[in-house]
Amino acid sequence: MIHVHLTRHLFAFFPQLEGRALEVDATSVAGAVAELEKLAPGIGFYICDERGRLRPHVNVFIGNAMVKDRRTLSDAIAPGDKLSILQALSGG
Amino acid sequence: MTTVWVATRKGTFRVEKQGGKWTAKLAGHAGTGVNYVARDPGSGRLWALLGHGHWGAKLSVSDDGGTTWRDNAAQVKFPDGARYFGQDMFEDSSSDFGVGWRNVTRKATLQKLWTIAFGGDGTIWIGTIPGGLFSSRDGGASFELNRPLWNHESRGGDLFNGEGTGETKWFGTPASEGGEFAPGIHSVVVDPRDPRRVLIAISTAGVLETRDGGETWRSRNRGMTMDHNPDPEAEWGHDPHIIDLCGSNPDHVWQQNHTGVFYSSNGAELWRKVSVPEVGVHFGFPVSADDKDGRVAWLVPGRADNQRTAIDGGLFVARTDDGGATWRQLRKGLPQECAWDIVYRHALDNRDGLVVFGSTTGNLYLSEDRGETWTTVSHNLPPIYSVRFG
């Protein structure tokens, strides 16, 4: 299973995900986002645009490494990985 | 009870008269950018057009008068294959500036939800950046891109099934939330007599009309003039800031344009410039047409496009009662010293003698006598994007 860590900002829109251990079964980042969509319908469109690309000010990490493929989210993930979905800090 | 819905950079506010005083209260979306809030008069549902920044544009709805909100189950999304013409900057050593521009096609993704309108037949229309018009004919259960407009020859033709004409006559607006200079549909007005007749306005292209519910579109820019184009009467290239029509006499249409105030008494078949710069009526963003008398309209003028402030530090509303032949400056109750407010295109509305407007400085003013006198509702709201009775 993949352990998913979400920025608390997303809990404002998806309170059903707050305070629970999020684990999904997936082999790619895109697959993990698809699994999250099943748990919280609509969340995929918060993380990605309608073409499936990561939104410009959203960052996804596998462990401590930022994903490389922001266009199709094809980076591979393996059981035990921690996937972090965070908002980018853009100043201010 | 009369309610004004106020959309701001930091949330949705509800304004109502309580104990003889107009009062604003937070009604949701705290901290979130809200471009527009309006009530569907048919269903009673409230619709808010949000811009989350990091998380994109979202449709939010309320069925309990703004007490609770939820994301609409169907969101506005561009279909796969939707593309549009844009321009990219590139390094060009032959240019004095070191950069050049080249035409490109881009995949369309939603950048901004800008306006929503409700037809008498239940159709919900939504105008967006980058220049997509969406409609729902199932009460908001699904939204569909209007392809005849998206593929319009003026836009550059059909890019779903080819490379189109290779050029576009639709240009951009800086109002995009993504930073891109892309076209935006900020005005959708539906004829109360015939919901299949709809006028839309685009920054920057002009006004288009459909009379068949969106199956075909034609330009409605005759009589318009520009001062930012070598051909001032060109069919395209206009920058309408907003259009509005008279509900009970929809052939009377008003337009605050970048280049002046225009009025049509024949359904936008022919526009006539009615600016009177001597009384400050020329530049600005909003216009609001009276619902009963098509010759009556309100504006909040600003000082020229290179300043975009209230004129000379004194805020006033201008009203005409005679189709723009004459204008009156209405200042009573509005600040006349060191007031530099600018009022955005959706931030002025009127209903049954009430007139309301809000500025990006967070000031909200309301009149109960058609603008003759004004009362301050708040000086401390976030920057105001839209005000709508409903």
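The values are calculated or read from the model by the stated rules, or taken from the named source; none is laboratory data. If you're wondering where the values come from, they're calculated on a predicted model, not measured in any experiment. Positions of Cβ are generated from backbone atoms using ideal geometry, with glycine treated the same way; all protein chains shown enter the neighbour counts. Remember, those area values only see protein heavy atoms, side chains included, never the ligands or the DNA or RNA. Shrake-Rupley method; radii C 1.70, N 1.55, O 1.52, S 1.80 Å.
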Checklist outcome for this item: antiparallel share of DSSP beta bridges within the protein assembly as shown, to nearest 5, in %, is 95 percent
Next on the checklist: At 1.4 Å probe size, what's the solvent-accessible area of A:PHE13? Round to the nearest 10 Å².
Outcome noted: 60 Å²
Item to check | Ranking by accessible area, most exposed first, for B:ARG9, B:ARG370, B:ARG388 with a 1.4 Å probe | outcome: B:ARG9, B:ARG370, B:ARG388
Next on the checklist: Taking every alpha carbon pair in the protein assembly as shown, what does the distance histogram look like in 20 angstrom bins from 0, in percent?
Outcome noted: 23, 54, 21, 1
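Per residue of B:44-55, what is the mean number of Cβ atoms on other protein chains within 10 angstrom of that residue's Cβ?
For peptide B:44-55, the averaged partner shielding equals 3.
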Checklist entry - Expressed in nm to one decimal, what extension gain is obtained for the pair B:ARG218 and B:PHE160 from 0.36 nm per residue of sequence separation less their Cα-Cα distance? => result 18.8 nm
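I'd like the FRET efficiency for A:GLN87 and B:ASP80, computed as 1/(1 + (r/R0)^6) with the beta carbon distance as r and R0 of 22 Å, rounded to 0.05. Write out the running numbers ahead of the final one.
Numbers: r = 27 Å, r/R0 = 1.21.
So the FRET efficiency works out to roughly 0.25.
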Checklist entry - Averaged across the residues of A:53-60, what count of C-beta atoms belonging to other chains lies within 10 Å of each residue's C-beta? => result 3
Item to check | Residue-count net charge about B:ALA30 - beta-carbon cut-off 12 Å; Lys, Arg +1, Asp, Glu -1 | outcome: +3
Checklist entry - Around B:GLY122, what is the net charge, scoring Lys/Arg as +1 and Asp/Glu as -1 over all other residues with Cβ under 10 Å from its Cβ? => result -2
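Per the helix-only calculation at 222 nm, which mean residue ellipticity applies to chain A, given -39500 (n - 2.57) for every DSSP H run of n ≥ 4 and division by its residues, nearest 500 deg cm²/dmol? Mind dumping the intermediate values first?
Numbers: 2 runs with 16 residues, N = 92.
Using -39500 (n - 2.57) per qualifying helix, the result is -4500 deg cm²/dmol.
Hull surface divided by four, with the convex hull built on the Cα atoms of the stretch B:3-389: how many nm²?
So the mean shadow area of the Cα hull is 19.3 nm².
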Next on the checklist: Give me a comma-separated list of calculated 3J(HN,Hα) values for the stretch B:168-175, in order, Karplus coefficients 6.51, -1.76, 1.60 applied at θ = phi - 60°, integers in Hz, x for any Gly or Pro.
Outcome noted: 10, 10, 9, 10, x, 10, x, 6
Next on the checklist: How many angstrom lie between the Cα centre of the stretch B:195-257 and the Cα centre of the stretch B:334-365?
Outcome noted: 24 Å
Checklist outcome for this item: Note on the stretch A:2-87: contact order normalised by length, alpha-carbon pairs under 8 Å, 6 or more apart, percent, works out to 39 percent
Checklist entry - Taking the simple approach of a point 7 Å from Cα along Cα-to-Cβ for both A:ARG51 and B:ASP293, what is their distance in nm? => result 5.2 nm
Checklist outcome for this item: Put A:GLU18, A:GLU35, B:GLU177, B:GLU153 in order of accessible area, largest first, probe 1.4 Å, and you get B:GLU153, A:GLU18, B:GLU177, A:GLU35
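Can you tell me, using C-alpha contacts under 8 Å and at least 6 residues apart, the relative contact order of chain B as a whole percent?
Values: 1116 pairs, mean separation 43.6, N = 390.
Relative contact order comes out at 11 percent.
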Item to check | Rg/Rg_globular for the stretch B:1-143, with Rg_globular taken as 2.2 N^0.38 Å and Rg from C-alpha atoms | outcome: 1.32
Checklist entry - Cβ under 9 Å from B:VAL253's Cβ, B:VAL253 left aside: what net charge do those residues give with Lys, Arg +1 and Asp, Glu -1? => result -1
Item to check | Computed over the stretch B:277-358: relative contact order in percent, which uses C-alpha pairs under 8 Å that are six or more apart | outcome: 29 percent
Item to check | Shielding of A:5-14 by partner chains, average beta-carbon count, 10 Å | outcome: 2
Checklist entry - What does the accessible area of B:TRP69 come to, in Å² to the nearest 10, when a probe of 1.4 Å is used? => result 50 Å²
Next on the checklist: On a 1.4 Å probe surface of the protein chains, which of B:ARG193, B:ARG14, B:ARG220 comes out largest in accessible area, and what is the full order?
Outcome noted: B:ARG193, B:ARG14, B:ARG220
Checklist entry - Ignoring ligands and nucleic acids, what accessible area does A:THR27 show with a 1.4 Å probe (Å², nearest 10)? => result 110 Å²
